[in-house]
Amino acid sequence: MPQPFILTAALPPDIAGFAEGLRRAHYPAERNHLHAHVTLFHAFAPSLLEELRHFLPRVAGEFTAPQGTVKGVMDLGKGTAIALEAPQLQVLRAIIAEHFHGSLTAQDLHEPRPHITIQNKMTKDEARALQAALAPMLAPWLAKPPFTFPALELWQYRGGPWERVKTCAFRGRERL
């Protein structure tokens, strides 16, 4: 699909800064076009742009910011991520998936495991080495109270870098 739209959950500044530093240190520089993020949907068709522009602000305006916690290290096979536990974010994602039912790609039909990718497209040995080194670095984050995802972010894929289309801050009263 040419230039699809990607939906992510924004991270709070402290976690974003920590993860961003890890990405700069461990993600191949020639492919590190993105900031730290949590992908909710990988590819909405370009024909859905107007519907996304109207639906996402309504959802963000209805619900309070979902919470999450750092769970540990996630093995991506040839990569490494910070695993998150975010049941409220999963509920929100299910609401969005239901609305766009019939328009989702095969990849987006599967419920994702929330995570922040730190390294990808490496050898398995390189990934496992980072996973072992990352585990102790995450210990302080495991003890922290839940954080909140401040916003939904809609992006358009541009052949490497993504272009921000819209940010929808959570401001509702209803809890997920």
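FYI, it's all coordinate maths here, none of it is from the lab. Given the structure is predicted, the values throughout are model-derived calculations rather than measurements. So basically every Cβ, Gly included, is an ideal-geometry build from the backbone, and we count neighbours across all protein chains shown.
A few remarks follow.
- 14 Å Cα-Cα reach of residue 78 towards aspartates and glutamates, excluding residues that sit fewer than 8 places from it in its own chain: 125, 126
- Packing-based exposure ordering (other Cβ within 10 Å, fewest first) of 116, 15: 15, 116
- Those lysines that a straight Cα-Cα span of less than 23 Å connects to residue 144, excepting residues fewer than 8 apart in one chain: 71
- Computed helical MRE - 222 nm, the chain, DSSP H runs ≥ 4 contributing -39500 (n - 2.57), nearest 500: -11500 deg cm²/dmol
- ³J(HN,Hα) computed for each position of the stretch 59-67 - Karplus, 6.51 cos²θ - 1.76 cosθ + 1.60, integer Hz, glycine/proline x: 5, 5, x, 8, 10, 6, 4, x, 9
- Fraction in percent of alpha-carbon pairs per bin - 10 Å, the stretch 5-169: 10, 39, 36, 14, 1
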